[in-house]
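Peer 1: Just dropping this structure here.
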There are 2 protein chains.
Amino acid sequence: MIADWTERFQGTAALPRPVRDRLLKVARTIEMPKGEQVFGPTNIPDSLFFLYDGRIRVSQSSDTGRDIVLYRVDAGESCVLTTACMLAEEAYNAEGIAETDITAIVLPKLAFDRLVAEEEAFRKFVFAAYSRRLIDLLRVVDDVAFGHMDVRLAERLLALSGDFKEIAATHQQLASELGTAREVISRILQDFQKREMIAQSRGRITLLDKPALKELAASA
Amino acid sequence: MIADWTERFQGTAALPRPVRDRLLKVARTIEMPKGEQVFGPTNIPDSLFFLYDGRIRVSQSSDTGRDIVLYRVDAGESCVLTTACMLAEEAYNAEGIAETDITAIVLPKLAFDRLVAEEEAFRKFVFAAYSRRLIDLLRVVDDVAFGHMDVRLAERLLALSGDFKEIAATHQQLASELGTAREVISRILQDFQKREMIAQSRGRITLLDKPALKELAASA
DNA sequence: GCATGTTAAGTGACAATGTCACTGAAGCAG
DNA sequence: CTGCTTCAGTGACATTGTCACTTAACATGC
């Protein structure tokens with residue numbers, strides 16, 4: 001059923017069949033329900049994660065109760081932050097939450113070391129994963145340090161809506177995406193509503209004018 | 001003269017002698033004067049950098065003219081951002097500036113690949129470098145998203161002063177460290193001055209009361 | 001139905017930070 | 001000494017963050 005899982009790992013660098021076969025021999029899979037903490041400051045895994053199915057939200061929390069989403073790990077991607085923390089042995093306060101039910105491949109550290117040593121394709125995959133996250137974080141820094149909240153919110157609304165017009169999210173959840181306070185989101189959404197770009201009801205937002213939102217988001 | 005350069009690369013994972021010897025065979029060194037751009041959006045190197053001597057400041061710029069320092073590369077460290085960008089082929093707008101005259105080891109990509117494949121110690125070194133930068137960036141995100149400017153400034157003043165009491169820096173330079181505007185720095189420094197924690201003159205700041213600054217910085 | 005509790009959202013006041021358009025001050029070069 | 005140039009100070013205002021609330025929407029049990 002999961003015999004072809006490595007075929008999913010092609011996002012940044014595809015893994016050829018022989019490498020996949022080797023992976024299958026040493027890996028085992030785990031499943032976690034939606035909402036579960038995959039890793040966190042008090043829950044540092046000693047193995048490496050490769051996400052087969054589902055999505056993980058990686059976020060950072062402040063001690064004043066605010067959150068910010070750093071990036072999301074999608075099916076076919078690796079979660080290098082755990083790797084990083086294993087290696088660096090430094091404190092960090094990011095956590096990964098299963099945003100859906102997830103299935104992950106767990107690779108013990110020793111097996112990981114061997115694969116990295118012996119399989120060029122695997123090595124490339126891992127380096128690409130690291131690189132991608134570094135660049136994701138650069139983007140977050142840029143947004144937080146220099147971006148305007150209305151623009152960032154418009155971007156996020158569009159991203160969350162996908163091809164649909166409706167989003168099921170509370171103001172608090174949106175605030176936690178962007179690392180700001182609920183009141184700030186409320187204010188901006190009211191402004192969007194006044195300008196007839198969205199409609200709101202409890203826990204739900206309808207994007208009435210995506211082009212206008214896109215124009216706003218483009219003025220980053 | 002530089003035959004022992006690899007001995008410097010021990011910050012996160014030491015390189016044993018045989019690995020160092022191999023490195024020396026394939027690497028060449030370059031020097032750059034203080035102020036030079038080591039890499040940037042329009043200046044993506046096709047080799048890997050290991051800093052032998054000096055210091056590089058890696059910062060990100062906004063299109064509105066503000067800057068923020070992401071981290072510094074010290075002697076003995078690798079600059080993985082260039083690696084990341086080579087691999088990810090994504091746009092980014094970070095740049096590295098030589099903060100002092102620098103001497104760097106340049107490793108062609110092919111030689112890098114071979115070393116990573118064949119030398120476990122080198123691999124560990126590279127992974128540790130990646131991990132360290134990821135964690136550095138987590139810290140930056142945390143600071144920018146949740147930190148207070150007076151606390152961040154106090155931290156930076158202490159870090160920049162080292163064991164001395166004097167700092168040679170303009171308000172603009174400090175603003176560019178922290179990703180804020182000069183006026184904000186001026187305001188906060190005036191406050192510090194009023195509280196007799198510092199004294200100021202054109203382009204120079206004297207830390208009069210380091211304990212008080214440390215206490216402020218600790219309330220992060 | 002209705003009462004009640006819980007969570008989501010709105011509000012106003014204020015503090016902190018960012019932006020703008022300036023003014024004044026310090027050092028430098030002639 | 002006289003102008004440049006860079007650095008720092010200032011006040012007004014916009015945006016964002018924080019606090020202490022109020023009001024509204026839904027859920028549950030009766």
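Peer 1: Of the conditions (1) surrounded by 13 or more Cβ atoms within 10 Å (Cβ to Cβ); (2) within 12 Å of DNA strand C (Cβ to nearest atom), residue B:202 fails just one. Which one is it?
Peer 2: Of everything listed in (1) surrounded by 13 or more Cβ atoms within 10 Å (Cβ to Cβ); (2) within 12 Å of DNA strand C (Cβ to nearest atom), residue B:202 misses just condition (1).
Peer 1: Given the criteria at the interface with chain B (Cβ under 7 Å from one of its Cβ atoms), outside any helix (DSSP H, G or I) and either out of contact with any strand residue (DSSP E or B) (no Cβ under 9 Å at 6 or more places or on another chain) or crowded, with 17+ Cβ neighbours inside 10 Å (or both), does residue A:130 qualify? Steps first, answer last, please.
Peer 2: Numbers: at the interface with chain B (Cβ under 7 Å from one of its Cβ atoms): yes; outside any helix (DSSP H, G or I): no; either out of contact with any strand residue (DSSP E or B) (no Cβ under 9 Å at 6 or more places or on another chain) or crowded, with 17+ Cβ neighbours inside 10 Å (or both): yes.
No; evaluated as a whole, the condition is false for this residue.
Peer 1: Check segment A:100-109 and report whether any residue there is in a helix (DSSP H, G or I) and modelled with pLDDT under 90.
Peer 2: yes
Peer 1: Based on this model, can you work out whether residue A:151 counts as within 16 Å of DNA strand C (Cβ to nearest atom), within 16 Å of the chain's Cα centre (by Cα) and part of a helix (DSSP H, G or I)?
Peer 2: On the way: within 16 Å of DNA strand C (Cβ to nearest atom): yes; within 16 Å of the chain's Cα centre (by Cα): no; part of a helix (DSSP H, G or I): yes.
The answer is no for residue A:151.
Peer 1: Would you pick out the residues in segment A:173-199 that are aliphatic (A, V, I, L, M) and either within 8 Å of DNA strand C (Cβ to nearest atom) or within 26 Å of residue A:58 (Cα to Cα) (or both)?
Peer 2: As a first pass, look at segment A:173-199 and keep what is aliphatic (A, V, I, L, M): A:174-175, A:178, A:181, A:184-185, A:188-189, A:197-199.
A:174, A:175, A:178, A:181, A:184, A:185, A:188, A:189, listed by residue number.
Peer 1: Next up: With respect to residue A:20, is the statement that it is surrounded by 16 or more Cβ atoms within 10 Å (Cβ to Cβ), out of contact with any Leu (no Cβ under 8 Å at 6 or more places or on another chain) and at pLDDT 95 or above true?
Peer 2: When the stated conditions are applied, residue A:20 does not pass them.
Peer 1: Here's something else I'd like to know. Quick check on my filter: what residues within segment B:173-205 are over 13 Å from residue B:158 (Cβ atoms) and in contact with a Lys or Arg (Cβ under 8 Å, 6 or more places away or on another chain)?
Peer 2: Within segment B:173-205, B:175, B:176, B:178, B:179, B:180, B:181 qualify.
Peer 1: Quick check on this structure: which one of A:186, A:161 is more than 13 Å from DNA strand D (Cβ to nearest atom) and away from chain B (no Cβ under 14 Å)?
Peer 2: Of A:186, A:161, the one residue that is more than 13 Å from DNA strand D (Cβ to nearest atom) and away from chain B (no Cβ under 14 Å) is A:161.
Peer 1: Restricting the search to segment A:205-217, which residues are away from DNA strand C (no atom under 11 Å from the Cβ) and touching a strand residue (DSSP E or B) at 6+ places or on another chain (Cβ under 9 Å)? Walk me through it before giving the result.
Peer 2: So in segment A:205-217, the residues away from DNA strand C (no atom under 11 Å from the Cβ) come out as A:206-217.
Once the filter is applied, which keeps residues that are away from DNA strand C (no atom under 11 Å from the Cβ) and touching a strand residue (DSSP E or B) at 6+ places or on another chain (Cβ under 9 Å), segment A:205-217 yields A:206, A:207, A:208, A:209, A:213.
Peer 1: Among the candidates A:196, A:215, A:166, which residue alone is more than 14 Å from chain B (Cβ to nearest Cβ), away from DNA strand D (no atom under 16 Å from the Cβ), in contact (Cβ under 8 Å) with a residue 12 or more places away in the chain and surrounded by fewer than 15 Cβ atoms within 10 Å (Cβ to Cβ)?
Peer 2: Every option except A:196 fails the conditions.
The values are calculated or read from the model by the stated rules, or taken from the named source; none is laboratory data. Here the structure is a predicted model, which means the values were calculated and not measured. All Cβ positions, even for glycine, are placed from backbone atoms using ideal geometry, and neighbour counts span all protein chains on display.
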